[in-house]
Amino acid sequence: SHTKARIQSISTDHVQDLLEDGSIVIAAGFQGYDPDGNITTLGRGGSDTTAVALAAVLNADCCEIYTDVDGIYTTDPRVHGNAVRLATVSHDEMLELASLGAGVMHSRSIEFAKKFGVPIVVRSSFEDGPGTKILSGATIKRTVSGVALAKNEARITVEDVPDQPGASHQLFAELASQGIAVDMIIQNAGTGGTADISFTVTDQDLPAALQITDRVAEAIAAAGVTHNP
C-alpha cells in the first residue's frame, strides 16, 4: 500500500556482504516491496524510519541522521529565536515531541529506535557540530524538554455533554469510522451533570468532523458545538 506500508522484515545479506568488502552502501529509503513483489512506500518519515531500521538489523553503534538543522531544539528556532539546542534527549521525550508536531524526525522512526535500542544522532548536513543524541533511558533532570508547534489544526468543542455512559464514545467512534484522526482530547470537570469535550483535528478534516459532531451532539442531547478557527 502506497504511503502507508509498514516494515515487516529487512534482508541484510547483500548489504552485509558489501559492507564487509569495504563498500559504501547507498540504500533507497521510503520504499520496499510486499510479499507479492509489489513496490510499496512508507510515507512521510520513511527515509528516517528506513535508516533506523537498517541500523537496528545491522547492529550499528548508532544511526546518524543528517538534516537541515543542527540538532533538536527546545522549540522551533525559526519561530522563537531563543530556542536552545538539546545535547541529549531520551527516546520517550523525542517520541512525545515528534508525535506532537516537531518536524525534525517522524514518530515512527523514533518508535523503531526505542523498540530496538538504537541510539540516534541528529546533525546538520551543512556544518560541523555535535548535534543532538537521542538515547534509550537517558535520565535528564528537567521539567520541560521542549515545546512542539502544530499548525493547520482546528479545535471543536461539544458543550454540555450529558454525563452518561457511552456519550463520548459515540462521538469518537463515529469520527474514527469516517477516517478522521483526532489528536488532543480535553474534558472539563463538569457541573450539573454535564461537561464540555474539546478535541482537535486537521483543518482539512474540519468540515467533515463538524458534520459528524453536529449530528452526534443532537443525538446525545448536548447543548451545541463550537469550533476554532
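No lab work stands behind these numbers, since they all come straight from the coordinates. Since the model is a prediction, treat every value here as computed from it, not as a measurement. Please note: Cβ atoms are built from the backbone with ideal geometry, for glycine as well, and neighbour counts cover all protein chains shown.
A few comments on the model shown:
- The calculated pair-distance distribution of segment 153-228 uses every alpha carbon pair, bins of 10 angstrom beginning at 0, and gives 20, 60, 19, 1 percent.
- Length-normalised contact order of segment 153-228 in % [C-alpha pairs under 8 Å, at least 6 apart]: 50
- For segment 13-135, averaging the sequence separation of C-alpha pairs within contact (under 8 Å, six or more residues apart) and dividing by the residue count gives a relative contact order of 28 percent.
- Placing unit charges on each Cβ (+1 for Lys and Arg, -1 for Asp and Glu) gives the chain a dipole about its Cα centre, and among S23, N82, I185 the Cα reaching farthest toward its positive end belongs to N82.
- Our analysis of segment 13-135 gives Rg over Rh at 1.00, with the two radii drawn from alpha carbon positions and Rh computed by the Kirkwood formula.
- Fewest-first ranking of H169, H91, using other Cβ atoms within 10 Å as the exposure measure: H169, H91
- Our summary gives the chain a relative contact order of 17 percent, counting only alpha carbon pairs under 8 angstrom and 6 or more residues apart.
- 37 °C / 0.692 mPa s Stokes-Einstein diffusion coefficient of segment 22-66, Kirkwood radius on C-alpha pairs, µm²/s: 282
- Neighbour counts of C-beta atoms inside 10 Å place L58, L135 in the sequence L58, L135, starting with the fewest.
- Placing unit charges on the Cβ atoms only, positive for Lys and Arg and negative for Asp and Glu, gives the chain a dipole magnitude near 360 debye about its Cα centre.
- Here the sum of -39500 (n - 2.57) over DSSP H runs of 4 or more residues, divided by the residues of the chain, equals -8500 deg cm²/dmol at 222 nm, to the nearest 500.
- Extension gain, I10 to H80: 0.36 nm times the residue separation minus the Cα-Cα distance gives 21.2 nm.
- Antiparallel bridge percentage (DSSP; both residues within the chain; nearest 5): 75
- Taking packing as the residue-averaged number of other Cβ atoms within 10 angstrom, the listed peptides 218-227, 18-27 run from highest to lowest as 218-227, 18-27.
- For segment 57-117, the fraction of alpha-carbon pairs in successive 5 Å shells from zero, as %: 3, 17, 27, 27, 16, 7, 3, 1
- Under the convention that each Lys and Arg Cβ holds +1 and each Asp and Glu Cβ holds -1, the size of the dipole of segment 153-228 around its Cα centre is about 80 debye.
- Calculated diffusion of the chain, Stokes-Einstein form, Kirkwood radius summed over Cα pairs, 20 °C and 1.002 mPa s, µm²/s: 105
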